[in-house]
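Only one structure is covered here, and it is reproduced in the block below.
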Amino acid sequence: MSMKITDWAVEDRPRERLWNKGPASLSDAELLAILIRSGTRNNSALDLARELLAMAGNSLSQLGRLSAGEIKKIKGMGEAKAVTIAAALELGRRRKLAEAADNPQIRSSADVFSIFSPLMEDLSHEEFWILFLNRANRVTGRMKISQGGVSGTVTDVRIVMKKAIETLASGLIICHNHPSGNTSPSDSDIRITLKIKEAGALMDIQLLDHIIVAGKDYYSFADSGAL
């Protein structure tokens, strides 16, 4: 039978250590244990946290990809615990997203990646987004155009151009993700890029780049000379 956290010396308990020494003093498993709060008859909250991390290959990035339903598969992780952890992971993503300035100036593909990485790096399905830019290459808005499955998403060029005209954009950057982790553009990625570029040229709206987010890596059409 596992030793309960409440049986530990007070100074060793995760909550008390966080309070006295700060969150940086705790391991990933200990931080998760605080969210889990209570264990089972045979496993402490820390045991459940370690099992959850093991499910994710001891990777916080992989952990962020797990749904509440997948988390709940661990014995002793009920719906309340699973939802709490999923909510905490989502807050982490949103914090990263909020750290980006509201209207940053785009100077490189890395700037684009820093905007979309928090949105896309942990997704298990594809999403297609647009950045709208003014003549100074400052972001004036962003929008998700479509969402698909694991292997692809369908994008309508007419919707892209309609939104660009409505926002009076001078430039566009499109972005989508590859859940597989493969950065290489597919034939359909290349075709949609050329279609949007040609449609934009007719309306004096320049397509500046197409970024493919693949986990913590990315591919840039502009950097690769494919635009």
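Ratio of Rg to Rh for segment 5-97: 0.96 [Cα atoms; Kirkwood radius as inverse mean 1/r over pairs].
Approximating the spin labels as points 7 Å out from Cα along Cα→Cβ, the Gln62-to-Leu35 distance works out to 1.7 nm. On the basis of the beta-carbon distance and an R0 of 22 Å, Ser186 and Val157 show a calculated FRET efficiency of 0.85.
The chain: D in µm²/s via Stokes-Einstein (Kirkwood Rh, Cα pairs, 4 °C, 1.567 mPa s)? List each step's numbers first, then the result.
Working: Rh = 19.7 Å.
In µm²/s, the coefficient is 66.
By how many nm would the segment from Glu90 to Asp217 grow when fully extended, if each residue of separation counts as 0.36 nm and the alpha-carbon distance is taken off? Working shown, then result.
Values: separation 127, 0.36 × 127 = 45.72 nm, distance 2.04 nm.
This chain segment gains 43.7 nm when fully extended.
Between Glu70 and Ala226, the modelled label-to-label distance comes to 2.6 nm, taking each label 7 Å out from Cα in the direction of the beta carbon. Contact order for the chain, expressed relative to its length and based on alpha carbon pairs under 8 Å spaced 6+ residues apart, stands at 14 percent.
Arrange the following residues from fewest to most other Cβ atoms within 10 Å of their Cβ: Ser170, Ser25. Before the final figure, lay out the partial values.
Numbers: Ser170 18, Ser25 11.
Going from least to most buried by this count: Ser25, Ser170.
For the chain, what is the calculated [θ] at 222 nm in deg cm²/dmol (nearest 500), taking -39500 (n - 2.57) for each run of four or more DSSP H residues and dividing by its residue count?
Values: 9 runs with 94 residues, N = 227.
Taken over the chain, the calculation gives -12500 deg cm²/dmol.
Evaluating kT/(6 pi eta Rh) at 10 °C and 1.306 mPa s, with the Kirkwood radius of segment 103-220 over Cα pairs in the Stokes-Einstein relation, gives 113 µm² s⁻¹.
FYI, it's all coordinate maths here, none of it is from the lab. Quick caveat, the model's predicted, so the values are computed rather than measured. FYI the Cβ positions are ideal-geometry reconstructions off the backbone, even for glycines, and counts take in every protein chain you see.
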